[in-house]
Structures are given as structure tokens and as C-alpha cells.
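Everything on this sheet refers to the single structure shown next.
The values are calculated or read from the model by the stated rules, or taken from the named source; none is laboratory data. Fair warning: this is a prediction, and the values are worked out from it, not measured in the lab. Positions of Cβ are backbone-derived with ideal geometry, glycine not excepted, and every protein chain shown enters the neighbour counts. With ligands, DNA and RNA removed, areas are computed over all heavy atoms of the protein, side chains included. Shrake-Rupley method; radii C 1.70, N 1.55, O 1.52, S 1.80 Å.
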Number of protein chains: 2
Amino acid sequence: MKMEKLERPAISQLLGELTGWTLDDSAGSISKTFKFANFVEAFGFMTESALAAEKLNHHPEWFNVYSRVEVKLNTHDAGGLTELDFKLAKAMEKAAARRTD
Amino acid sequence: MKMEKLERPAISQLLGELTGWTLDDSAGSISKTFKFANFVEAFGFMTESALAAEKLNHHPEWFNVYSRVEVKLNTHDAGGLTELDFKLAKAMEKAAARRTD
């Protein structure tokens with residue numbers, strides 16, 4: 001399934017449904033830094049997010065050091081943001097909400 | 001347990017026991033990029049590495065996008081490399097060797 005690249009009004013609306021994500025307009029990506037209590041919580045979040053990503057067949061770029069996870073989402077094939085990015089962002093929000101920070 | 005910062009001869013010897021790791025002398029770190037067949041293999045490697053890291057109480061800095069995992073190891077508290085970095089590197093080598101690339 002080829003996803004349609006979203007235009008700015010749709011992006012703004014979907015961003016409004018998330019918390020703490022930053023739009024990089026030129027890169028066509030959204031990003032967020034998640035902070036947890038320790039490595040176990042951070043990697044627990046990553047594991048839950050990885051399952052969601054694999055299910056969506058849409059994967060993050062992410063960096064982890066100890067309790068911090070920096071996430072960047074975009075849809076390479078579409079050259080920007082698609083609904084998949086926001087679906088994955090929402091799944092990650094849910095996974096993070098379950099964990100202390 | 002406070003680990004001793006390793007001097008260059010010890011680092012060279014331990015590096016020689018690993019494959020494909022690069023020493024960044026100024027940063028006091030070693031790094032390697034691992035490539036796998038897909039995200040599931042890459043995250044499987046990360047999961048196995050995470051368990052080893054938690055057991056050692058010594059954690060990596062790492063970046064993942066799809067099938068690629070970039071790892072950097074150093075011991076912040078010691079201001080350089082210690083045996084812990086090489087223990088974790090070896091555990092990661094083992095975890096990677098189990099997976100196709």
C-alpha cells in the first residue's frame with residue numbers, strides 16, 4: 001500500500017493530536033525525545049514500539065542512550081510524512097504513557 | 001565497582017579480539033555499524049544486546065534505522081574505555097553472529 005504524502009493542513013491537524021512532537025518541515029519528519037526512569041523502562045518502550053512498527057510495516061529512526069530515546073519518523077518512499085508516521089507516533093505515545101519518567 | 005580506564009596498549013590488544021570495531025581515540029570510544037537482513041533481525045540483536053547490557057550494568061549509545069544498528073561504547077564515569085566496553089562489545093558480536101546479514 002503506497003501512502004499519500006500529507007499536506008501541511010493535514011499535518012498540523014494530526015500533530016495537534018500528539019504531545020511533544022516537533023515538525024521539521026524541511027526534512028518532512030516529526031521527532032520527539034522520550035525520557036524514562038532508567039534503561040529497562042527505555043528499552044521496554046522501544047520493544048513495545050518495535051512491535052507496533054513491525055505490525056505497521058513502518059519503522060522509526062531512533063537513538064538511545066540509557067534512559068533517553070530520540071525518535072524521528074518520516075516516510076522515505078513518500079518523501080515526507082504520511083498517516084503511517086502519525087499511527088506509529090500514536091502507538092509510541094501509548095507505549096510511553098505506560099512507563100514512568 | 002569502579003572500572004579502571006584502559007591505556008592504549010590494553011585497548012589495542014582488546015580491539016584485536018574483536019572484528020570491525022573502530023577506535024575513536026579522542027572520544028575514548030569504540031564503535032561499529034551492524035547490518036542485518038531486516039528490522040526484525042536488527043531489533044532481535046538489540047534485544048539480546050540490551051539484556052547483556054543490563055546484566056553488565058553498562059549500556060550502549062546506539063542508533064537504529066530499519067536493518068542498521070550503529071553502536072558506540074565508552075565508559076562515561078571513567079572518561080574513556082574500560083573492560084566493560086569490551087565485555088559488552090563481545091556480547092554484541094555474539095548476538096550479531098547468530099543473525100543473518
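Points worth noting:
- Residues (under 15 Å from the mean Cα position of the chain (by Cα), among the small types (Gly, Ala, Ser) and within 19 Å of residue A:77 (Cβ to Cβ)) located in region A:3-30: A:27, A:28, A:29
- Taken over region A:7-36, the criterion of being within 14 Å of chain B (Cβ to nearest Cβ), open to solvent by less than 60 Å² (accessible area, probe 1.4 Å) and under 21 Å from residue A:97 (Cβ atoms) is satisfied by A:31, A:36.
- Within region A:13-29, being at pLDDT 95 or above and not in a loop (DSSP other than H, G, I, E, B) holds for A:13, A:14, A:15, A:16, A:22, A:23, A:29.
- For region B:60-83, a tally of residues being within 14 Å of chain A (Cβ to nearest Cβ) and modelled with pLDDT of 95 or more returns 16.
- Members of region B:45-93 that are free of Cβ contacts under 8 Å to residues at least 40 places away in the same chain, over 22 Å from residue A:70 (Cβ atoms) and either under 11 Å from the mean Cα position of the chain (by Cα) or assigned to a loop (DSSP other than H, G, I, E, B) (or both): B:57, B:87
- Residues that are open to solvent by less than 20 Å² (accessible area, probe 1.4 Å) and facing chain B (nearest Cβ under 8 Å), drawn from region A:44-59: A:46, A:50, A:53
- Near pairs, Cβ below 9 angstrom, 6+ apart or cross-chain, from region B:4-24 (acidic (Asp, Glu)) to any residue that is open to solvent by 60 Å² or more (accessible area, probe 1.4 Å): B:4/B:83; B:17/B:90; B:24/B:72
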